[in-house]
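*Asks:* Here it is, the structure in full.
We did not get these values from a lab; they are worked out from the coordinates using the rules stated. The structure presented is a predicted model; accordingly, all values stated were derived computationally and were not measured. FYI the Cβ positions are ideal-geometry reconstructions off the backbone, even for glycines, and counts take in every protein chain you see.
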Amino acid sequence: MINTQEVNETLCAISGMSSQEVSSYSTIVNNSIGVVESALTDDSYAEDDRIVYLAAARAYYNITLAGNGDDNVESFSAGDVKVNYAKTSCERALEMYKNASNAAAGMVQDNGFVFRGV
């Protein structure tokens, strides 16, 4: 099994949340751990740091999806109105999750769509 405490510690590190804040998202964390565990190609991979990071990154992404959209205005111009937005925490969390998925690619099954022919 993936160690929940390690996932929580990793989630604190990547999100900037305190352990108390992370504990309030225990349902999301546990769901993320379950999803990652169900995709493991070998149970022995559950202790690998890349798998712990993958579960934490998935939890962080789901937490940001559940939160409010924090579209941060990066710059604003008045002439020919132009507004630039900084990346939202959701976009950053998705990038983290994709990177974690790539790092753990050989250890988890890809349940994506495959077209094999007609």
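*Asks:* Calculate, in nm to one decimal, what Q109 and S26 gain on full extension: separation in residues at 0.36 nm each, minus their alpha carbon distance.
*Replies:* 27.4 nm
*Asks:* So, one more: What is the packing order of peptides 12-19, 91-98, 49-56, taking the mean over residues of other C-beta atoms within 10 Å and listing the highest first?
*Replies:* 49-56, 91-98, 12-19
*Asks:* Could I ask something else about it? Given H placed 1.01 Å from N in the peptide plane, which residues other than close sequence neighbours of V108 have an amide H under 5 Å from its amide H?
*Replies:* Sorted by chain and number, the residues that satisfy this are T41.
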